[in-house]
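Quick notes on the structure that follows.
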Amino acid sequence: MTEAVRRAGSTPTPAPTSVMPSARRLDIDRIRADFPILGETVNGKPLVYLDNAASAQKPVPVIEAMDHYYRTSHSNVHRGAHTLGDRATVAFESARETVRAFINAASTREIIWTRGTTEAINIVANGLASMLKPGDQILVTHMEHHANIVPWQMVCERTGAELRVVAVTDEGELDRQSFSEQLTDRTRVLAMAHVSNVLGTINPVREMVAKARAQGVITVIDGAQAVPHLKVDVRKLDCDFYAFSSHKLLGPTGIGVLYGRESILEQLPPFQGGGEMIERVTFEKTTWAALPHRFEAGTPAIAEAIGLEAAIQYFDGLGREAVEAAEQALLQRANELVETVPGMTVMGTAPHKVPVLSFQIQGLHSSDIGTLLDQQGIAIRTGNHCAMPLMERFGESGSARASFAFYNTLEEVDQLFRALTKLQRLFAG
């Protein structure tokens with residue numbers, strides 16, 4: 001281990017920042033000035049970006065932090081015996097500590113860099129497969145993203161384990177009775193979303209994790225849609241694994257985070273082999289590096305980790321309560337306007353939601369809605385949202401989805417609904 005690794009996290013590479021102090025009420029105009037892309041014009045119209053659940057936009061401090069790294073500190077990490085290598089390593093490991101604090105993990109040994117939520121879940125599924133046998137059960141929910149279904153199906157095919165599913169109510173909430181029935185003495189893994197990417201429903205993760213862990217079940221939480229909107233404390237949730245992506249949290253693409261309880265991570269085999277994840281290699285035997293590096297084969301996404309750190313610092317500077325209040329105001333306005341569009345129905349009416357609105361309009365296909373809105377400069381998502389089983393549960397092939405972030409405005413919500421009303425009148429009325 002180099003001296004840079006030993007002191008990593010003590011002095012992060014300085015970079016330009018403009019983090020705002022916490023406030024009870026966000027200054028939206030000032031915030032929007034931090035996001036250059038929000039000033040773009042699309043199809044001759046000012047951009048109204050309402051596809052935040054797919055990927056959030058990036059503030060200037062994130063862009064500057066990555067630019068600063070490439071201009072002043074770029075090198076590989078954990079390996080170089082030179083100043084740039086030390087700078088890069090210190091900045092890289094500082095980012096890991098920032099993530100640890102952000103989700104309140106016990107140690108940086110529990111923070112593993114991944115390419116995103118999908119790879120994080122695959123790392124866990126691949127590792128747990130060695131502990132499963134025929135007859136064991138893996139429990140997922142009907143509202144999962146494909147990334148939290150397919151890896152477990154692959155594990156079942158390899159091991160003979162059985163995939164079981166917790167039902168969803170018509171309101172878009174997890175059915176507690178179904179959960180109680182599906183959680184059996186054969187359940188070995190519970191894999192579930194903290195927040196639904198389609199419905200926006202905030203699931204009772206803490207309650208469900210407690211019931212599962214009381215029976216010795218390993219718990220895996222997909223936090224991709226939760227981290228941008230909710231304060232996440234993995235120790236309070238008491239889950240074994242928690243996965244999320246940077247790009248939904250104002251950070252760059254290509255990097256994500258896997259939190260894992262250290263005692264369980266120590267039992268998992270590495271996901272990939274190569275440089276950095278080893279302690280010693282001979283032709284007879286290879287021994288693994290200590291956590292977290294044994295799960296980080298090859299050159300990591302260094303600039304992206306630094307960008308994620310800047311995103312978290314920016315986010316923290318806004319104040320979590322202020323962000324939640326702003327986003328809930330946007331969702332409330334959208335819900336109030338639904339009835340102004342004839343034939344519009346919303347998927348998911350749970351009382352506790354993040355600012356996501358999936359909908360259909362009678363007589364209009366979701367893809368047509370997306371195309372027509374784009375002509376007005378309004379960006380939304382359409383299709384099955386990588387949640388085909390959930391769509392089938394509600395008898396739909398897809399939906400249009402508007403997803404809001406704290407930098408959106410009430411006027412943008414109004415613009416969306418004015419456009420939808422016009423579309424309905426012209427094409428479905």
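The values are calculated or read from the model by the stated rules, or taken from the named source; none is laboratory data. From a predicted model like this one, the values you see are computed outputs, not experimental measurements. Note that we place each Cβ from the backbone using ideal geometry, even for glycine, and neighbour counts take in every protein chain shown.
The figures follow:
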item: Selection count where residues are in a loop (DSSP other than H, G, I, E, B) and either more than 19 Å from Leu47 (Cα to Cα) or of a type outside the set (A, V, I, L, M) (or both), scope the range 355-381; result: 7
item: Subset of the range 25-39 (residues that are assigned to a loop (DSSP other than H, G, I, E, B) and surrounded by 12 or more Cβ atoms within 10 Å (Cβ to Cβ)); result: Leu26, Asp27, Asp34, Phe35
item: Some residue of the range 367-386 being among the hydrophobic types (A, V, I, L, M, F, W, C), free of Cβ contacts under 8 Å to residues at least 40 places away in the same chain and surrounded by fewer than 19 Cβ atoms within 10 Å (Cβ to Cβ); result: no
item: Hey, Glu279 modelled with pLDDT under 95 and surrounded by fewer than 14 Cβ atoms within 10 Å (Cβ to Cβ) or not; result: yes
item: Residues of the range 387-429 satisfying the condition of being closer than 24 Å to Thr201 by Cα, acidic (Asp, Glu) and without any contact (Cβ under 8 Å) to a residue 40 or more places away in the chain; result: Glu392
item: Residue in the range 267-276 that is nearest to Ala125 (Cα to Cα), counting only those that are more than 22 Å from the chain's Cα centre (by Cα) and buried (at least 19 other Cβ atoms within 10 Å of the Cβ); result: Leu268
item: So Phe427, is it at pLDDT below 95 and touching an Asp or Glu at 6+ places or on another chain (Cβ under 8 Å); result: yes
item: Set Val189, Val232: member being in a strand (DSSP E or B) and in contact (Cβ under 8 Å) with a residue 60 or more places away in the chain; result: Val189
item: Total residues in the range 293-304, condition surrounded by 21 or more Cβ atoms within 10 Å (Cβ to Cβ) and in contact with a strand residue (DSSP E or B) (Cβ under 6 Å, 6 or more places away or on another chain); result: 3
item: Matching residues, the range 192-216, being part of a loop (DSSP other than H, G, I, E, B) and closer than 18 Å to Gln177 by Cα; result: Asn203, Pro204, Ala214, Gln215
item: Qualifying residue in the range 367-386 (condition: more than 20 Å from the chain's Cα centre (by Cα), of a type outside the set (Val, Ile, Thr) and either at pLDDT below 95 or at positive phi (or both)); result: yes
item: Pairs where the first residue, in the range 257-273, is more than 11 Å from Ile218 (Cβ to Cβ) and in a helix (DSSP H, G or I) and the second is at pLDDT 95 or above and of a type in the set (Ser, Thr, Tyr), C-beta under 7 Å, 6+ apart; result: Glu262/Ser107
item: Enumeration of residues in the range 146-172 that are within 27 Å of Thr349 (Cα to Cα), surrounded by fewer than 22 Cβ atoms within 10 Å (Cβ to Cβ) and not hydrophobic (A, V, I, L, M, F, W, C); result: His146, Arg164, Thr169, Asp170, Glu171
item: All positions within the range 305-346 that are surrounded by 19 or more Cβ atoms within 10 Å (Cβ to Cβ), in a helix (DSSP H, G or I) and among the β-branched types (Val, Ile, Thr); result: Ile306, Ile312, Val323
item: Total residues in the range 244-256, condition polar (S, T, N, Q) and part of a loop (DSSP other than H, G, I, E, B); result: 2
item: Test: residue in the range 251-262 that is buried (at least 23 other Cβ atoms within 10 Å of the Cβ), closer than 25 Å to Pro151 by Cα and of a type in the set (Ser, Thr, Tyr); result: yes
item: Qualifying residue in the range 205-219 (condition: out of contact with any strand residue (DSSP E or B) (no Cβ under 8 Å at 6 or more places or on another chain), touching a residue at least 24 places away in the same chain (Cβ under 8 Å) and closer than 27 Å to Gly160 by Cα); result: yes
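Results for (1) at pLDDT 95 or above; (2) closer than 24 Å to Cys239 by Cα, shown as yes or no for each residue.
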residue: Glu266; (1), (2): yes, yes
residue: Pro269; (1), (2): no, yes
residue: Phe283; (1), (2): yes, no
residue: Ala289; (1), (2): no, no
residue: Leu308; (1), (2): yes, yes
residue: Gln328; (1), (2): yes, no
residue: Val338; (1), (2): yes, no
residue: Thr349; (1), (2): yes, no
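The rows are residues; the columns are (1) surrounded by fewer than 18 Cβ atoms within 10 Å (Cβ to Cβ); (2) in contact with an Asp or Glu (Cβ under 6 Å, 6 or more places away or on another chain); (3) in a helix (DSSP H, G or I).
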residue	(1), (2), (3)
Met391	no, no, yes
Gly395	yes, no, no
Ala402	no, no, no
Glu412	no, no, yes
Phe417	no, no, yes
